[in-house]
Amino acid sequence: MTLKFELLCIDQQGKVKFKKTKNFILSLSTIESLWTSEPSISEDSLEINDNNQKIKVSVQPFDTSKMVMVDRFSSAYYIVLEGEFDNIEPFRIKLIDQIKDFGFDHRQILIDDVSNQIAVNTYPLINSIETLLKKYIVNFFITKIGTNWWSIVISTDNQKNAKSKRGNEVVFTNTSKVIADVTLLSFEQLGKIIYGQSSIFTNIQDVLGKVKAAEDLESLKKELLEGSYVKYFKDTFEQNDFQQKWEDLNFIRNKVAHNNYFVQKDFDLASELCDKLTQIINNADTSIDALTLSIADKEAVMRKANDNLVEIEKEEKQLEHQEGKINEELEDSLIKSTNTESVIQQYLVLNEKDLIYKIRECSKLKEFREFIGLKSFVRDYLGREGYSLNSSYALINLLADKGKIETYEVPNPYGEFNTTAIKLIE
């Protein structure tokens, strides 16, 4: 396929030694480093042809007579290079260098089909690796943290930035058909989610608490610096130089996004980086199940999460109200009647001691004497008292991991399928 490369060159300082287009053609034809065979010159059509490279260079004068802020007698030309990709990709660089050597101080590319083709071929590689990392991020953090991972892992600034972009896509995201926040992060932000996971103990209070509770320095280092969470990201990403590879690819990705100029080695590098990053991400994906967060890791996640969980519930309640109303009139009335109760339910967070006390008290109630249903306990018993549902579930899961609470299946007296019950392990 024949591609085109078009260049505008202007001699603003009077350094070029020729004024006539024919002389420009003749001067170009004498540069031996440009041609692989004796070029044929057409003075009538102002063209140079290299039959060996199958390259054609044509030159047309550029009119400077109406310019305001330049010497109107400057030498100025359009140069159009045509040929197949493999030939004109390196030739255009040599041509620009020669135009510079001639004395043309203003050189501007107008059309570059070569860069366009490289960008078109590069983008699918970048799109594929970006999609792969998004899938991995969602799978990992939902598996290890839960559906509320976004508010725990993503910085407040990035959350706000993503939220501001929801209107950019009107079918899926803006209509809340799906949870799509991760798709609104930039390429750079996605990478930082991975190489920003240097420690799960991001709160200074977490670190100070571990320092006070530590029996010796080695156990402290192991918990803070060598825990399962940290070791996982170090082994799967850091040791494979993920950050540098992602940043290098981000540089190329930005060039594609902003329609910059390309050379063949840009595509070759992008292809190599995508292959290596694909291998890193796929290897990490296969080891997700092997990672089990330690109790300390889970406690750190919970402490980080509690401030955000009530806000999540507010949004969930608002969304439920919006989606569950038949018309605007009914929606307004229902929101007014339930708003106070919804807000109350979303502000209190239990600690471990209080939760154990609540389970003991609940077991004394008539409706819970046979068993304490998990859902009824959290939603009805704790929910009525104003405790956050999300944080309550998170604390129950943590105490189950600690061996202080047992969850088990019992026949559901009100339904066909078994239900989950909880009890204290005394």
* Enumeration of residues in region 143-184 that are in contact (Cβ under 8 Å) with a residue 60 or more places away in the chain and closer than 27 Å to Tyr229 by Cα -> Thr143, Lys144, Ile145, Gly146, Asn148, Ser151, Ile152
* Structure fact -> When every residue in region 249-303 that is among the aliphatic types (A, V, I, L, M) and outside any helix (DSSP H, G or I) is compared, the one nearest to the chain's Cα centre (by Cα) is Ile288
* Asked: Going by the conditions given, is Asp63 out of contact with any Ser or Thr (no Cβ under 8 Å at 6 or more places or on another chain) and either in the same structural domain as Ser27 (by TED's automatic domain parsing) or surrounded by 20 or more Cβ atoms within 10 Å (Cβ to Cβ) (or both)?
  -> yes
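Rundown of residues vs (1) at pLDDT below 95; (2) aliphatic (A, V, I, L, M); (3) in contact with a Ser or Thr (Cβ under 7 Å, 6 or more places away or on another chain), yes/no style:
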| site | (1), (2), (3) |
| --- | --- |
| Asp11 | yes, no, yes |
| Pro39 | yes, no, yes |
| Gln53 | yes, no, yes |
| Met67 | yes, yes, no |
| Phe73 | yes, no, no |
| Glu82 | no, no, yes |
| Asn87 | no, no, no |
| Arg92 | no, no, no |
| Asp97 | no, no, no |
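Matching residues to (1) assigned to a loop (DSSP other than H, G, I, E, B); (2) closer than 28 Å to Ile281 by Cβ; (3) modelled with pLDDT of 60 or more; (4) β-branched (Val, Ile, Thr):
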residue	(1), (2), (3), (4)
Thr183	no, yes, yes, yes
Gln189	no, yes, yes, no
Thr202	yes, yes, no, yes
Gly209	no, no, yes, no
Glu218	no, no, yes, no
Tyr229	no, yes, yes, no
Asp235	no, yes, yes, no
Gln243	no, yes, yes, no
* Which one of Leu399, Leu382, Leu334 is over 26 Å from Leu293 (Cα atoms), touching a helix residue (DSSP H, G or I) at 6+ places or on another chain (Cβ under 9 Å) and modelled with pLDDT of 90 or more? -> Leu382
* Output yes when any residue across region 1-8 is touching a residue at least 40 places away in the same chain (Cβ under 8 Å), under 13 Å from Ile99 (Cβ atoms) and in contact with a Lys or Arg (Cβ under 6 Å, 6 or more places away or on another chain), and no when none is. => yes
* Asked: exposed (fewer than 13 other Cβ atoms within 10 Å of the Cβ), hydrophobic (A, V, I, L, M, F, W, C) and in the same structural domain as Val263 (by TED's automatic domain parsing) - does that describe any residue in region 162-171?
  -> yes
* To do: Please identify the pairs in which a residue from region 31-44 that is over 18 Å from Arg92 (Cα atoms) has its Cβ atom under 7 Å from the Cβ atom of a residue that is part of a strand (DSSP E or B), counting only partners at least 6 apart or on another chain.
  => Ser40/Asn49; Ile41/Ile48
* Asked: When you look at Thr286, is it of a type outside the set (Gly, Ala, Ser), at pLDDT below 60 and surrounded by fewer than 13 Cβ atoms within 10 Å (Cβ to Cβ), yes or no?
  -> no
* To do: For region 357-374, indicate whether the set of residues that are modelled with pLDDT under 90, assigned to a loop (DSSP other than H, G, I, E, B) and under 40 Å from the mean Cα position of the chain (by Cα) is non-empty.
  => no
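Condition check ((1) over 38 Å from the mean Cα position of the chain (by Cα); (2) polar (S, T, N, Q)) across all residues:
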site	(1), (2)
Phe62	yes, no
Ala76	yes, no
Ile79	yes, no
Phe85	no, no
Asp101	yes, no
Gln117	no, yes
Pro124	no, no
* Asked: Is it the case that Asn397 is more than 39 Å from the chain's Cα centre (by Cα) and in the same structural domain as Asp354 (by TED's automatic domain parsing)?
  -> no
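The values are calculated or read from the model by the stated rules, or taken from the named source; none is laboratory data. No experiment lies behind these values; they were computed from the predicted model shown. Methodologically, a virtual Cβ is constructed for each residue, glycine included, from the backbone with ideal geometry; neighbour enumeration extends over all protein chains shown.
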